[in-house]
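Here the structure is laid out as structure tokens; the discussion comes afterwards.
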Amino acid sequence: MPPAKKAAAKAPAKKAAAKAPAKKAAAKAPAKKAASKSTSAFNKAMKISPELAAVIGGDARPRTEVTSAIWTYIKKNNLQDPKNKRNILADDKLKAVFGGKKTVTMFEMTALVSKHLS
């Protein structure tokens with residue numbers, strides 16, 4: 001018997017099918033008009049006590065802006081405890097706001113500050 005024939009050469013590799021061009025993203029809906037300022041509890045302007053006004057200024061502000069202003073004051077005056085950044089070392093102005101406490105945590109701060117808002 002004659003030797004078996006070698007298997008036929010493999011068919012050439014199929015070329016990757018050309019991908020269809022990606023469809024353009026659907027046009028976005030026009031941006032909604034900005035709603036008038038909400039008067040939720042966070043956005044409501046609060047009166048500030050004289051002690052707190054000595055630290056952040058005397059105008060009425062929303063609670064969120066008061067917190068931001070206090071943090072700005074703390075960082076500007078380097079009042080965070082270098083060993084534990086969660087603690088705030090009060091200077092004379094902040095002691096009046098913090099009820100005479102020399103050191104408070106950032107979590108205590110919000111409760112102490114809320115007493116100075118009405």
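The values are calculated or read from the model by the stated rules, or taken from the named source; none is laboratory data. Quick caveat: nothing in here was measured; it's all calculated off a predicted structure. Please note: Cβ atoms are built from the backbone with ideal geometry, for glycine as well, and neighbour counts cover all protein chains shown.
Key figures
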| item | result |
| --- | --- |
| Selection from region 91-118 of residues that are in contact with a Lys or Arg (Cβ under 6 Å, 6 or more places away or on another chain) and surrounded by 12 or more Cβ atoms within 10 Å (Cβ to Cβ) | THR105, MET106 |
| Top-ranked residue in region 77-93 [being in a loop (DSSP other than H, G, I, E, B) and of a type in the set (A, V, I, L, M); ranked as nearest to the chain's Cα centre (by Cα)] | LEU79 |
| Residues located in region 94-110, provided they are touching a residue at least 40 places away in the same chain (Cβ under 8 Å) and over 24 Å from the mean Cα position of the chain (by Cα) | ALA96, VAL97 |
| Neighbours by Cβ (under 9 Å, 6+ apart or cross-chain): first from region 32-53, modelled with pLDDT under 70; second surrounded by 10 or more Cβ atoms within 10 Å (Cβ to Cβ) | LYS37/ASN43 |
